[in-house]
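Here's the structure we're looking at; comments come further down.
Only the coordinates and a few stated rules stand behind these numbers; no lab work does. All figures in this text were calculated on a predicted structure; none of them were measured in a lab. Note: ideal-geometry Cβ built from the backbone for every residue, glycine included; neighbour counts use all protein chains shown.
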Amino acid sequence: MTSMATSSSAPPRTVLAVIVSHKSSELVKNLLASLAHERPAEAAHGITLRAVVIDNASDDAGPIQRAVVAAGQGDWVTVISAARNGGFAYGNNVGFRHGFAQATVPDFFYLLNPDTEVRGGAIGALVDFFDRHADAGIAGSSLEFADGRPWPFAFRFPSLLGELDHGLRLGLMTRLLRNHIVTRPMGSVPEPVDWMPGASMMVRRKVIEDAGGMDEAYFLYYEETDYCRKVKAAGFTIWYVPESRVMHIGGQSTGVTTQPEVPRRLPAYWYESRRRYFAKNHGVPYAMATDAVLLLAHLLGHAKERLKTQRHAEVPYFARDVLHHSVLRKANRTLVPAREWKPNQDSK
């Protein structure tokens, strides 16, 4: 844990943990228990921690609320039953609205996946980092598996050359394209990055005031990538803070595991979100070129795998699904306008 100011000198700060859930009530209970364990230590350093759980129309709001009451967490946990399952961005915007509707708007909004549990000092480390870096708009934690193994990665923004590397899977090419590979191994000190996963991502209130919330046109995946790009464009920096450690059971809240033994076919919304990200942020011609490069690279990479005696498992129907959802098809070139909430703006 990073060193923090003592309770006598630290300014009072408020943190609202925003947890978006869909059929994840048991995971949410474990996450809230880990937050409850941290509250006394954070309070000693002038940090008031509250939480809001948004159930995205899965009928889990009732069971979660009863569990909150039974655990004596009702004074600091609010449970909201969302009107629809609008996805991760939509659910987080509900949490942002809730925070800005309070008499005292939180200083920080802490986005957490249901399949996470905070380790000791995780929240204080992020708040302390913000105290020392006035330009920081978003800070994310170092993630680890349930057994304690580290997952020390952050990310670069996706690009055409990054998609080339993803498709080819060639060691030499990877070395040549190392500055474009999306996944970026991290060290033991804080570093500025392009984006952090929404599994554990703290957002400064000023960011939401200036840049607004997430784009609800994304259902799941790429929304935090898109959001970090918007936040950086607004003049803020994004940071990886390894002193903050959070356990993440990858894929438990979405059904798409990060490291499956047998890769599953990706859901349609993954390809739709990918298409939206490139078309929205780079334009349709760039998105078309990216899809063409990815498909060609994937075919070459697939041919290479077939020549190997020991093959790596591939995502089923990947090339077929990329093409089906690609802007190379004229029917996929219409971009839905962004749906983003800002404080003092009527919700849509």
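Structure summary
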| item | result |
| --- | --- |
| Equivalent ellipsoid semi-axes - Cα gyration tensor, segment 114-180, angstrom | 31, 18, 10 |
| Normalised contact order of segment 124-259, rounded percent, pairs of Cα under 8 Å and 6 or more residues apart | 39 |
| Furthest towards positive pole of dipole, G137, L328, G46, structure part the chain, Cβ charges | L328 |
| For the chain, built as a Gaussian network whose Cα springs stay under 10 Å, the top-fluctuating residue of H248, H312, H98 | H312 |
| Label-point separation, T334 to S58 (7 Å along Cα→Cβ), nm | 3.1 |
| Residues in segment 313-348 reached by a label modelled at R84 [backbone nitrogen below 20 Å; 7 Å Cα→Cβ] | 334-342, 345-348 |
| For the chain, diffusion coefficient by Stokes-Einstein and Kirkwood Rh (Cα), 37 °C, 0.692 mPa s, µm²/s | 156 |
| Cα pair distances exceeding 24 angstrom across segment 38-160, given as percent | 38 |
| Among Y286, S188, N344 - extreme Cα towards positive end, dipole of the chain, charges at beta-carbon | Y286 |
| Mean ellipticity per residue at 222 nm, deg cm²/dmol - from DSSP H runs of n ≥ 4 across the chain, formula -39500 (n - 2.57) | -12000 deg cm²/dmol |
| Estimated inter-spin distance, A36 and T174, nm [label 7 Å along Cα→Cβ] | 4.3 |
| Listed residues A71, A331, A136, most fluctuating in the chain (Gaussian network, C-alpha, under 10 Å) | A331 |
| The chain: relative contact order in percent, alpha carbon pairs under 8 Å with at least 6 residues between | 20 |
| Residue-span extension gain [K206 to K308] - 0.36 nm each, minus C-alpha spacing | 31.5 nm |
| Net charge contributed by nearby residues that have their C-beta within less than 12 Å of L35 (K/R +1, D/E -1) | +1 |
| Pairs of lysines in the chain (C-alpha under 26 Å apart; 8 or more residues apart or interchain) | 15 |
| Selected from D75, D55, D226 as most flexible by GNM, with the chain as the system and alpha-carbon contacts under 10 Å | D75 |
| Cβ-placed point charges (K, R +1; D, E -1), dipole of the chain about Cα centre in debye, nearest 20 | 1120 |
| M214, M186, M196 arranged by Cβ crowding within 10 Å, fewest neighbours leading | M186, M196, M214 |
| Centroid-to-centroid separation of segment 10-25 and segment 282-348 [C-alpha atoms, Å] | 32 |
